[in-house]
1. Once fully extended, how much extra length lies between residue 84 and residue 17, figured as 0.36 nm per residue of separation less the alpha-carbon to alpha-carbon distance?
2. Could you compute the FRET efficiency for residue 425 and residue 178, with r as their C-beta to C-beta distance and R0 at 30 Å, rounded to 0.05?
3. Could you estimate the translational diffusion coefficient of region 320-398 from the Stokes-Einstein equation, with Rh from the Kirkwood formula over C-alpha pairs, at 37 °C and 0.692 mPa s, in whole µm²/s?
4. Going 7 Å from the Cα of residue 366 toward and past its Cβ, which residues in region 304-346 have a backbone nitrogen under 16 Å from where you end up?
5. Diagonalise the Cα gyration tensor of region 227-308 and give the resulting equivalent ellipsoid semi-axes, square root of 5 times each eigenvalue, largest first, whole Å.
6. Figure the gain on full extension for residue 390 and residue 448 (residue separation times 0.36 nm, minus the Cα-Cα span) and round it to one decimal in nm.
7. Please identify which residues in region 512-542 have an amide N closer than 15 Å to a label point set 7 Å out from the Cα of residue 498, following the Cα→Cβ vector.
8. Taking a temperature of 10 °C and a viscosity of 1.306 mPa s, what whole-number D in µm²/s does Stokes-Einstein yield for the chain with Rh from Kirkwood over alpha carbon pairs?
């Protein structure tokens with residue numbers, strides 16, 4: 001077989017570097033994408049591309065549609081409809097584990113077909129955690145199925161996931177006579193995939209999903225803080241007398257943080273108190289055993305050995321313990337706790353971090369937070385509200401929860417839901433392209449007050465948009481330089497010992513593996529041109545091959561980094577990396593068989 005053209009080799013080298021950076025996460029994915037845009041722009045004349053081709057991802061209809069869908073999803077979420085539905089799940093469960101699981105997957109899947117699944121999962125995580133407590137089961141038994149159901153639901157409609165919208169754009173560009181993909185064109189197959197996935201989660205998956213977080217776990221116990229929290233008694237001759245918490249912090253040499261001053265029945269919470277320490281006060285401090293001992297000796301205080309410090313001890317009118325997750329694109333990702341400004345600007349103290357099954361409880365000031373980390377924080381109601389509004393952190397569990405009777409639907413709910421329904425209907429009937437219908441829907445929601453313009457912009461995951469804008473021209477470069485055709489030749493060689501259906505199944509498996517280690521968006525952009533070229537070479541239906549790649553990329557179950565919702569439940573569920581492989585690998589292979597068979601039956605090969 002001949003070597004690929006030199007310009008294709010350059011593109012392959014660029015793809016190799018990008019894949020390394022995607023997998024290693026040495027740089028955020030959106031920053032890597034910006035580097036790809038720059039490289040393609042600089043090399044454009046040599047690769048036979050125009051300079052504007054390098055930035056064509058920003059004007060791509062799929063990119064613009066995804067921006068609009070983020071905004072529309074925010075409009076629906078703001079009505080309280082999803083929240084109201086979530087808090088009513090307990091009525092159905094009646095304390096039964098199987099009912100709780102059925103309510104979780106049966107509700108999330110259909111919703112994710114029409115609303116971006118990331119905010120859906122963000123809203124449902126605290127509700128599902130609370131539901132698990134009411135039913136008396138570990139939240140780990142429900143959170144992984146929650147993520148998987150949201151992924152499965154994304155296969156129901158064209159707007160279910162960004163990969164579907166990208167595939168529609170490729171279908172328009174690469175397949176003659178194809179004007180994209182219809183709104184409900186693959187819904188029958190998506191419905192079968194959702195049903196098969198739900199049955200798996202209710203049976204085999206239910207037995208494989210571990211119970212990592214103990215039932216009714218106190219947050220102090222859940223994060224293993226029993227040996228990292230101490231109660232200190234301040235005698236009359238201690239040098240701490242007359243000092244505020246801030247002044248104590250300035251004098252502390254050891255890695256110890258003062259969290260509370262307790263005076264009889266009153267609690268003064270750091271960092272928002274200027275109360276000075278008096279004789280007889282007790283201090284709640286955070287640090288490992290050696291650090292606390294060094295603090296005790298230096299400041300002439302006494303450690304209360306029998307003090308029982310629980311989650312309840314942190315609940316005051318001004319503070320609470322809360323479990324929060326660093327979402328994708330958060331301002332706090334890749335920032336150390338000390339440099340984050342959480343304590344100074346938000347009155348929030350990080351006391352522990354869970355990354356997968358790893359717990360970090362000391363040296364937190366220099367600890368660099370990553371997307372997917374779960375933080376245990378001492379915080380306040382205002383900060384919790386701010387985290388929810390900005391999406392910088394999302395709250396999994398706290399005492400500041402919304403009770404069922406407090407949930408109210410916005411008076412704008414009929415307008416928002418009607419607008420979303422109109423977008424779907426207009427696009428499904430072909431009256432307008434989905435991108436135009438979606439932009440029209442955003443205009444109506446903002447004009448009618450369902451959503452403010454700032455809320456609309458804040459709803460967009462701009463890191464995902466920049467990622468899209470970077471990888472879309474990379475796929476264009478693969479096609480233009482002959483790189484896609486070269487890779488297709490390699491796969492087509494398997495036709496000697498594989499039937500056409502077998503070649504399509506191979507594409508599904510390869511795409512599934514790639515999407516579990518790099519983003520589904522990047523995978524679908526790189527694999528669809530190859531799959532379409534391969535199909536044309538062997539005389540198969542290119543649309544069938546395109547669908548195989550699309551569904552494989554949209555259903556990534558085997559790693560926490562394969563899909564954003566997996567990353568969102570990784571920390572709150574206390575899962576290990578291997579849990580996703582154990583539960584997700586059988587489901588991924590099962591769906592590979594079901595999807596391939598469904599494509600053959602519905603569209604042929």
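No lab work stands behind these numbers, since they all come straight from the coordinates. No experiment lies behind these values; they were computed from the predicted model shown. With ideal geometry, Cβ positions are generated from the backbone for all residues, glycine too; neighbour counts draw on all protein chains shown.
1. Working it through step by step, the gained length comes to 19.6 nm.
2. Once the sixth-power term is evaluated, E becomes 0.85.
3. For these conditions, the coefficient is 271 µm²/s.
4. Those under the cut-off are 335-340.
5. They are 16, 14, 13 Å, listed largest first.
6. Details: separation 58, 0.36 × 58 = 20.88 nm, distance 2.19 nm.
Additional length available on full extension: 18.7 nm.
7. Within reach of a label on residue 498, which here means backbone N under 15 Å from a point 7 Å along Cα→Cβ, region 512-542 contributes 512-514, 527-528, 530-541.
8. Numbers: Rh = 25.8 Å.
D = 62 µm²/s.
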